[in-house]
Amino acid sequence: MEFAYLNAVIKTASFPPYDPWYAGGYLNYYYFGYVLIGTLAKLTGVAPAVAFNIGVATVYAMTVGATFGVASNLTVFGWETAVGHVRAGSRYRPLLFGGLAGVVFLAVVGNLDAFGQLVDRLARSASGAGSVPVSGLPALVAGVPAVLLGGGSLEGFDFWRSSRVIPNNTINEFPFWTFLFSDLHAHMISIPYQVVSVGVMLGIATRAAPTPRVHLVTAFDRLLSVFTLRNVIVGAGLGWVVGALNVINSWEYPTHLLLAVIALGIARVARRGTVTATDVVHGMVSSVIMFLTSTLWYRPFWSHYLTVYSSVSLWTTDKSTLVDYLIIHGAMVFQLLTFVALVGWPVWRTTGWGRYVAMRLRNLDAWERVSRHERALLSSSALLGTWYVALFAIFVVLVAILAIARSALIAFLITMVSIMVLVAWERRREPALAFAATLGATGAAIGIFVEYFALTGDIGRMNTVFKFYLQVWVLWSMVSGATLVWAFARVFDRERRKPLGLLQWGWVSATGAMMLAVLAYPLGAVPARVADRFAPLPPTLDGMAYMKTATVQDASSEVTPANPGGATLRAFADYLAIRWMLQNIDGTPVVLEASVPEYRWGSRVSKYTGLPAVLGWRWHQAQQRGPYAPQVDARLRDVQLMFNTTNSDAAQILLSRYHVRYVYVGDLERAYYASAGIAKFGSAPALFRPIYDVDGVTIYEFLPEAARQGRTQAVAPEGSMIQ
């Protein structure tokens with residue numbers, strides 16, 4: 001789909017681009033990312049088959065560059081508070097190490113499943129080909145000598161498995177997996193723009209809003225005062241950045257819209273440490289401007305876009321477990337806990353929140369004593385004391401209920417959200433740290449959301465978990481990178497006069513082990529992914545080069561005793577034909593080619609040429625056309641009729657109504673459709689003029705003028721529906 005859409009964006013003469021998989025229609029999809037890549041391809045004159053691969057590398061480079069900038073700035077902005085008296089040694093050192101750490105967390109490491117795979121394979125090596133009698137640490141102890149000294153070998157690494165940690169049809173991709181898979185999909189293209197969005201919000205949050213210097217007399221003056229140049233520029237600028245996510249990959253828009261509002265609030269609160277009515281009004285004005293301009297900036301896109309999915313539904317089955325969640329996010333969760341220890345704990349030790357919670361925890365077995373303290377607290381500071389008691393009671397009851405209901409993951413995430421919100425509030429005068437805590441809380445809140453809600457009408461919660469978990473990875477990687485540098489600076493303080501304690505050594509050991517575990521993924525997955533190809537080829541950027549040697553086994557086509565595996569398709573024959581079409585067919589005429597089940601060899605002509613086919617992948621078109629999905633099924637039937645029918649007149653009606661110019665007949669069409677029906681194209685050269693016939697592929701040019709002159713009175717076949 002991605003290559004077909006990129007080709008269409010490059011070829012289109014107007015916007016919205018035509019749909020290469022639904023001839024006569026236009027793309028009803030968030031295609032703006034392909035406009036960005038396609039523009040570079042057109043400006044440089046690079047062929048689409050090469051531009052696709054360069055585009056993947058470009059998006060990765062953009063991700064690394066943007067991440068370095070945002071993570072390094074967060075590290076520097078929070079250095080004084082998080083690290084305290086520790087000197088950086090060089091003003092560039094926090095920038096360098098903070099940026100690199102952020103890049104590693106976002107764009108280099110994987111999840112902990114890779115380490116689990118290593119343990120499994122070591123266990124099998126230690127026990128031979130039979131059952132696995134050991135696991136965990138014993139597997140490592142027994143497996144390493146078996147491999148290094150005993151001549152054992154490790155099974156191949158399963159790079160795919162790490163993206164399917166949560167069972168029951170969910171996708172758990174992370175950025176490195178996405179880039180390694182090289183799927184130039186909207187969710188990949190949006191990653192660097194998510195990072196840029198976070199960076200813009202960080203800049204806004206850390207630049208406290210100025211105090212108005214003009215004395216306001218009338219209500220009208222007060223009204224005008226909120227429409228300051230700063231509010232307008234900030235709101236419109238945020239709208240431009242956040243709105244781009246909505247047309248690149250709409251899944252990120254709600255999250256970043258909310259984060260932008262919070263960033264505006266942090267900037268207002270940081271000035272005085274309190275929330276005033278003026279701050280609320282100014283924040284609301286900027287937020288409204290942002291929301292309106294996020295659509296207005298991209299009005300040409302939205303003027304033709306039909307929203308198919310616009311609601312969520314309650315999700316009551318197939319919940320995630322805490323173990324699965326920590327396999328995916330565990331390394332960054334550990335850094336978030338470190339963040340709380342560095343940033344939250346020091347201030348809680350001296351504030352009412354911390355003292356109250358500490359008192360509760362120290363006196364779990366002495367409720368009578370605690371009750372006396374609470375009564376004293378309430379009598380001395382009624383409002384504040386009520387908040388402490390009420391919030392703590394609600395939190396304890398909620399977590400206890402969830403624990404009893406065996407919702408350990410939700411209890412854990414609620415705890416994370418609560419702690420991060422407290423950190424953000426306690427550090428409200430230090431906007432960089434407040435914003436970092438907000439990123440942590442948002443990621444945990446997303447984890448709660450996807451356990452109870454899913455996009456209505458989608459494939460279960462597959463895409464809901466997929467798209468939102470990727471956002472969590474982006475948000476948390478920034479905080480994790482900065483925290484790692486802060487913590488190392490604190491632990492390895494050059495001015496420390498006493499040796500490291502047990503806590504410090506424990507943190508260093510845990511961090512080292514965690515980083516080695518997540519770095520196991522790129523080490524194992526890259527060779528496995530590189531080897532996952534049709535045939536070894538020299539390095540190339542040409543996305544069609546594999547077709548010169550590849551054969552495709554299509555098990556979905558007709559299985560016969562002589563061909564028990566289905567059709568064996570020669571990609572080289574299609575390669576020659578597609579290359580000829582690219583060189584000899586101008587414009588965007590409609591092509592009739594096979595429309596077969598998804599993830600097969602079908603739609604290869606429209607993919608590689610960008611020419612519109614009558615129908616491409618049925619499911620993708622049904623997804624993107626929502627209430628008009630029945631028309632997609634009608635088209636599928638019409639494609640089958642045009643190939644299968646022996647009635648030339650009936651076929652001509654359908655071909656004319658779909659404005660088909662070329663009919664493509666190759667190995668795939670012969671495998672899926674009736675040979676008698678395909679024969680009609682070659683038996684009427686006046687109607688179907690063969691313009692290409694090489695190596696089993698024939699391309700016919702349909703001549704509608706000849707069809708109209710020689711056609712008798714005919715009707716469309718029953719069941720045909722043209723749209």
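Rule-based calculations on the coordinates, nothing more; no lab input. Everything quoted here is computed from the prediction, not taken from an experiment. Reconstructed Cβ throughout: ideal geometry from the backbone, glycine too, with neighbour counts over all protein chains shown.
With an a/c value of 1.5 or above and a/b not larger than b/c for the gyration tensor axes a ≥ b ≥ c computed over the alpha-carbon atoms, the stretch 519-558 is described as oblate. For Gln504 and Asp532, a Förster radius of 35 Å and the Cβ-Cβ distance give a FRET efficiency of 0.25, rounded to the nearest 0.05.
The P(r) of the stretch 255-355 has a tail past 17 Å containing 76 percent of all C-alpha pairs.
Of all lysines in the structure, those lying under 19 Å Cα to Cα from Lys607, and not within fewer than 8 positions of it along the same chain, are Lys11, Lys42, Lys548. Estimated from the Cβ-Cβ distance and a Förster radius of 56 angstrom, the FRET efficiency linking Arg93 and Val694 is about 0.35. With the simple model of a label 7 Å out from the Cα in the direction of the Cβ, Thr551 to Val232 spans 6.9 nm.
A Förster distance of 35 Å, applied to the separation of the beta-carbon atoms of Leu523 and His185, puts the FRET efficiency at 0.90. The length gained on full extension between Ser310 and Asn169, counted as 0.36 nm times the residue separation minus their Cα-Cα distance, comes to 48.6 nm. For the stretch 1-112, the calculated P(r), taken from all Cα-Cα distances in 10 Å bins from zero up to the bin holding the longest distance, is 13, 29, 21, 18, 12, 5, 0 percent.
Convex hull volume per residue, computed on the Cα atoms of the stretch 403-487, equals 109 Å³. For the stretch 601-683, the Stokes-Einstein estimate of translational diffusion at 10 °C and a viscosity of 1.306 mPa s comes to 117 µm²/s, using the Kirkwood hydrodynamic radius over alpha-carbon pairs.
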